Each structure stands twice: as structure tokens, then as C-alpha cells.
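Novice: My questions all concern the structure below.
Taken together, the values in this text are just the output of simple stated rules run on the coordinates, not laboratory data. The model shown is predicted, which means the values in this text are computed figures rather than measured ones. With ideal geometry, Cβ positions are generated from the backbone for all residues, glycine too; neighbour counts draw on all protein chains shown.
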Amino acid sequence: MSRPEKTLPLADVMSPEGASTLSPFGGTVLIACIFGRNLTHLHRNDGDDNDHDLNGEFWKRHRSLDNILLNTSLSLPPQLRLPAGINDPNIVFVNMNIHASTICLHQAAIFKADKNHMSSYISSESKRRCIIAADQIANIMKLISHIDLSTVRKQLSPGSAIPTDQTR
């Protein structure tokens, strides 16, 4: 909406304290970054990833990304949570994509664990995380199913109130 937003550097926003300061647009930027890191992590073809070893680089990156996703989800400020932010498509997007990114990350973990014949606990824990994330996405879809998000937040002039009566 052509208005500057104060925010922390990206590295700081990835900490629990930083995530608690996110704006709706900042959350969208953070999610784009997390998806990018996820893709880089999943498609990295380094020979020294040691994806058969839980202490190898693949699993270290996996845990780091998983911690960022968990911390972000738990540290979102109240205005970026649902249902409070239901009238802002950026907030809906951020919440849905935290869970979608979790699914992407843990699907890869399931593949790597099964491919390397690792403990069944690793695969079953990632499957559990995928199911929980998919359930959260389904809950968000139920929450917004009656809303036409294209009409929720039109271009507002600075200082305008965000419309809250745009539900059908």
C-alpha cells in the first residue's frame, strides 16, 4: 500500500523475539525466505551431507529449519494469528504457509529416513508433523471458506481503517 514498514533485519526476524515483531507484510517476506531455504536444503547435492547420519549436515539443516518454523509459529504476535487476522490476506497466507513449509520439510525427512533405512521413529515423527500441519491448513480453509479474500483488503489510503465487514 505504498507505506514504509519498520522491521528488523531478516536474520533477527527468524528468532522468536524477532518473529514477535512481524507485520503482515514482513511475515510474507519471512515465509518466502523460509520456502527458499527449504528448497535450497532439499535440492542441495553436496556429497558431504551425510544424510544417513543424524549428525550430518542434512539433518542439522533440517533441525535448524524446523526450529525456525516452530519458533515463528509460536512467536507470532496476536495480530498475526487467526482468527484475529482473518481480514488480512497476508495474515492468512503467512499462517497457511508456515504449515505448508512444515509439510515440505518433513516430507523430505521421511524420504531421507526411509531411503537410508534409519530408525522408524524419524519417519513416523515427520509423518505426525505433516498430519498436524495438514490439519491446521484444513482448519484455516474452513475458517476462511466464507470469505472472498479478493475483496477483504482493497487499496486503502494511508490512515484508512481496514474493512472488517467484507464477509459473505
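Novice: With a sphere of radius 12 Å drawn around the Cβ of Thr28, what net charge do the other residues whose Cβ falls strictly inside it have (Lys, Arg +1; Asp, Glu -1)?
Specialist: Values: positive: none; negative: Glu5, Asp88.
Result for the neighbourhood of Thr28: -2.
Novice: Please report, in Å, the Rg and the Dmax of segment 1-60, where both are computed over Cα atoms only.
Specialist: Cα radius of gyration and Dmax of segment 1-60 are 15.5, 48 Å respectively.
Novice: Could I ask something else about it? For Lys112, give me every one of the aspartates and glutamates with a C-alpha distance below 16 angstrom, ignoring sequence neighbours fewer than eight places off in its own chain.
Specialist: Asp46, Asp48, Asp49, Asp51, Asp53, Glu57, Asp66, Glu125
Novice: OK, next. Among the lysines, select those whose C-alpha is under 29 Å from the C-alpha of Lys142, and discard any that sit fewer than 8 residues away in the same chain.
Specialist: Correct list for Lys142: Lys127, Lys154.
Novice: Using 7 Å Cα-to-Cβ label points, what is the Arg128/Phe25 separation (nm, one decimal)?
Specialist: It works out to 4.1 nm between the two label points.
Novice: From Cα pairs below 8 angstrom and at least 6 apart in sequence, can you work out the relative contact order of segment 10-150, rounded to a whole percent? Write down the numbers at each step before the final one.
Specialist: Numbers: 146 pairs, mean separation 36.5, N = 141.
This gives 26 percent for segment 10-150.
Novice: Which ³J(HN,Hα) values, rounded to whole Hz and listed in residue order, are derived for segment 28-43 from phi using the Karplus coefficients 6.51, -1.76 and 1.60 in 6.51 cos²θ - 1.76 cosθ + 1.60 with θ = phi - 60°, glycine and proline given as x?
Specialist: These are the phi-based 3J(HN,Hα) values: 5, 5, 4, 5, 4, 5, 4, 4, x, 5, 4, 4, 4, 4, 6, 9 Hz.
Novice: If one computes the Cα centroid of segment 71-100 and of segment 24-61, what distance in Å separates the two points?
Specialist: When both Cα centres are located, 22 Å separates them.
Novice: Compute the angle between helix 120-144 and the longest alpha-carbon principal axis of the chain, please, reported from 0 to 90 degrees and rounded to the nearest 10.
Specialist: Value to nearest ten degrees: 10.
Novice: Shifting gears a bit: Please determine, in degrees from 0 to 90 and to the nearest 10, the orientation of helix 57-75 with respect to the longest principal axis defined by the Cα atoms of the chain, where the helix direction is its Cα long axis.
Specialist: The two axes meet at around 30 degrees.
Novice: Would you mind checking the tilt of helix 89-115 against the longest principal axis of the Cα atoms of the chain, expressed as 0 to 90 degrees and rounded to 10?
Specialist: 10 degrees
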